[in-house]
Amino acid sequence: MLDIKFIRENKDLIKEAARKKHINFDVDALVSVDDKRKALLTSVEAKKAAQNEVSTKIPTASETERQELIAKMQEVKAEFQKEDEELKEVMKEWHAMMLQVPNIPDMSVPEGAGEEENKVVAEWGTKPAFTFTPKNHIDLMLGLDMVDFERGTKAHGFRGYFLKGAGAELSWAIWNYGREFFGKRNFTPFIAPAVVKKEFFYGTGHLPKDADDLFRTQDEDYLSGTAEVPMMAYHADEILKEADLPKRYFAFSPCYRREAGSHSKDTKGLIRVHEFYKLEQVILCKADHAESDKFFEEVNRNYEEFIESLNIPYHRLLICGGDLGASKVKQYDTEIWFPSQDAFREGSSASYFHDYQTRRFNIRYDDGEKKRYVHSLNCTAVATPRILAAIVENYQNEDGTITIPEVLRPYMGGKDKIC
């Protein structure tokens, strides 16, 4: 959410943001509703003040004056109630429109209507040159009894799975190695809840746009698809000390996504599942663009160095305007190599938002002169089981065994191969 004063003073900038992000948003209509909101608010407050003034005169008035004052107060009260109801309706419309205002994209964000126009801006690693036709992770893991999809479907339903044996051990190894790797980068570790109040999904921008992709509880709360949501809620309605910034959090949580609209994509295997586990980097920093951008590059680079340590090829995408999303200033997606598909697939996403999220969460800090909204940013650190699938495919051998990446061997009991 942007500040309404900023929106009113920068209508052309908002229009350009909507154009670049291919979002249909009428800023002039919002300003018109805001004019109506302000006028009604002024009128309602004036009538409320008039009511209070009349009520203070009643106790000392004569009987005749008292009756006249009561009649006048009832008239004002009726007008007040009418306008107050109108204000409530206008406020609903105003809030709905404010949630749709697009954030201003960074100047480096390229033009483009959709994901096909995202730009590859970096590439790392040498793709493995197999002397045989590489298998996909499904066949490899089934052959080594690392996964059970049949019983996973029986227990969970569509996209269900059990990791078992070396599959479970390898997943634990990735988490523990990730914890140690990112633990050296000055983050505070967290285990975050997955069930989060509905309001906080509006705060991060996941609602209303992702409503179909979220699992909802009977209490109208939601299951989070990323620790970003609970970690942003952690400081909701708080005023932080400038000296305590930046807040650097490294959060583990189970994650849930319905994969709505993806029923024909990756229906088998571990690339697109309903339930997974993720370690997330989240930073809250001072309200400064240069600082936001610096931390954005840092957390994205953290992930890339993690992937490099596993020796998995990747490339970095700079997300174009039409694929960026309303809330974001800039986004990188780092895609990792899957030999069986001869393609890169998303392993991580890094984004920053300026104060777009923190205005909704009301997270501020005191800089000694005024209270400012902090800036927020986040990036995936480790997402399993997708990274597990990439490791299995990139480290496969012709005999169906899997060589364990050297950095993971201490967490796999010193073994160098899954047989």
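The values are calculated or read from the model by the stated rules, or taken from the named source; none is laboratory data. As the structure is a prediction and not an experimental result, all values here were calculated from the model. Cβ coordinates were reconstructed from backbone atoms using ideal geometry, including for glycine residues, and neighbour counts include every protein chain displayed.
Can you name the residue in region 116-142 that is free of Cβ contacts under 8 Å to residues at least 60 places away in the same chain and outside any loop (DSSP other than H, G, I, E, B) and, of all such residues, is nearest to ILE418 (Cα to Cα)? If you could, list the steps in order and put the result at the bottom.
Looking only at region 116-142, we keep the residues that are free of Cβ contacts under 8 Å to residues at least 60 places away in the same chain, and these are 116, 129, 133, 139, 142.
Filter once more, so that each one left must be outside any loop (DSSP other than H, G, I, E, B): 116, 139, 142.
On the way: GLU116: 37, ASP139: 14, LEU142: 12 Å.
Residue satisfying both the conditions and the ranking: LEU142.
Kindly indicate whether any position in region 363-376 is touching a Phe, Trp or Tyr at 6+ places or on another chain (Cβ under 9 Å), of a type in the set (Gly, Ala, Ser) and either assigned to a helix (DSSP H, G or I) or outside the structural domain of ILE402 (by TED's automatic domain parsing) (or both).
No, because not a single residue in region 363-376 is touching a Phe, Trp or Tyr at 6+ places or on another chain (Cβ under 9 Å), of a type in the set (Gly, Ala, Ser) and either assigned to a helix (DSSP H, G or I) or outside the structural domain of ILE402 (by TED's automatic domain parsing) (or both).
From the list VAL101, VAL90, VAL76, exactly one residue is under 30 Å from TYR202 (Cβ atoms), in a helix (DSSP H, G or I) and either out of contact with any strand residue (DSSP E or B) (no Cβ under 8 Å at 6 or more places or on another chain) or in the same structural domain as ARG19 (by TED's automatic domain parsing) (or both). Which is it?
Numbers: VAL101 fails: in a helix (DSSP H, G or I); VAL76 fails: under 30 Å from TYR202 (Cβ atoms).
One residue alone meets the criteria, VAL90.
Checking TYR161 against (1) farther than 20 Å from ASN378 by Cα; (2) out of contact with any Phe, Trp or Tyr (no Cβ under 7 Å at 6 or more places or on another chain); (3) touching a residue at least 40 places away in the same chain (Cβ under 8 Å), which single condition isn't satisfied?
The one condition TYR161 does not meet is (2).
Identify the residue in region 367-381 that is surrounded by fewer than 24 Cβ atoms within 10 Å (Cβ to Cβ) and at pLDDT 95 or above and, among all such residues, is nearest to THR226 (Cα to Cα).
TYR373
Can you name the residue in region 215-267 that is farther than 30 Å from GLY183 by Cβ and of a type in the set (Lys, Arg) and, of all such residues, is surrounded by the fewest Cβ atoms within 10 Å (Cβ to Cβ)?
Going through the qualifying residues, I end up with LYS265.
Out of GLU116, GLU75, GLU93, GLU68, which single residue is under 30 Å from VAL392 (Cβ atoms) and of a type outside the set (Phe, Trp, Tyr)? Talk me through it step by step, then tell me what you get.
Values: GLU75 fails: under 30 Å from VAL392 (Cβ atoms); GLU93 fails: under 30 Å from VAL392 (Cβ atoms); GLU68 fails: under 30 Å from VAL392 (Cβ atoms).
When all the criteria are applied, what remains is GLU116.
Would you kindly identify the strands (runs of 3 or more DSSP E) lying entirely within region 179-256 that contain at least 1 residues that are under 30 Å from HIS156 (Cβ atoms) and in contact (Cβ under 8 Å) with a residue 12 or more places away in the chain?
Numbers: elements: 188-191, 239-241, 247-256.
The strands (runs of 3 or more DSSP E) meeting that bar are 188-191, 247-256.
Can you find a residue in region 333-351 that is β-branched (Val, Ile, Thr) and in contact (Cβ under 8 Å) with a residue 60 or more places away in the chain?
Looking for residues that are β-branched (Val, Ile, Thr) and in contact (Cβ under 8 Å) with a residue 60 or more places away in the chain, one finds none in region 333-351, hence no.
Kindly indicate whether any position in region 129-138 is farther than 26 Å from PRO385 by Cα and not assigned by TED's automatic domain parsing to the domain that holds GLN51.
Looking through region 129-138, at least one residue is farther than 26 Å from PRO385 by Cα and not assigned by TED's automatic domain parsing to the domain that holds GLN51.
How about region 145-174: which of its residues are under 13 Å from ALA389 (Cβ atoms) and in a loop (DSSP other than H, G, I, E, B)? Can you show your working first?
If we filter region 145-174 for residues that are under 13 Å from ALA389 (Cβ atoms), which is where we start, we get 146-147, 149, 161, 163, 167, 170-171, 174.
Within region 145-174, MET146, TYR161 meet the criteria.
When you go through ASP355, ASP342 one by one, which is the residue that is over 24 Å from PRO105 (Cβ atoms) and either out of contact with any helix residue (DSSP H, G or I) (no Cβ under 8 Å at 6 or more places or on another chain) or small (Gly, Ala, Ser) (or both)?
Within the list ASP355, ASP342, the selection yields ASP342.
Against the definition (farther than 30 Å from SER108 by Cα, touching a Leu at 6+ places or on another chain (Cβ under 8 Å) and among the hydrophobic types (A, V, I, L, M, F, W, C)), how does LEU207 come out, yes or no? Lay out the reasoning, then the answer.
Numbers: farther than 30 Å from SER108 by Cα: no; touching a Leu at 6+ places or on another chain (Cβ under 8 Å): yes; among the hydrophobic types (A, V, I, L, M, F, W, C): yes.
So LEU207 fails the test.
Looking only at region 25-66, count how many residues are touching a residue at least 24 places away in the same chain (Cβ under 8 Å) and either within 43 Å of the chain's Cα centre (by Cα) or not in a helix (DSSP H, G or I) (or both). First the steps, then the outcome.
First, pick out the residues of region 25-66 that are touching a residue at least 24 places away in the same chain (Cβ under 8 Å): 25, 27, 29-31, 33-34, 36-37, 40-41, 43-44, 47-48, 50-51.
Now drop any that are not either within 43 Å of the chain's Cα centre (by Cα) or not in a helix (DSSP H, G or I) (or both), which leaves 25, 27, 29-31, 33-34, 36-37, 40-41, 43-44, 47-48.
So the count comes out to 15.
Can you tell me which residue in region 388-403 is nearest to GLY269 (Cα to Cα), limited to those that are within 32 Å of the chain's Cα centre (by Cα) and of a type outside the set (S, T, N, Q)?
ALA389
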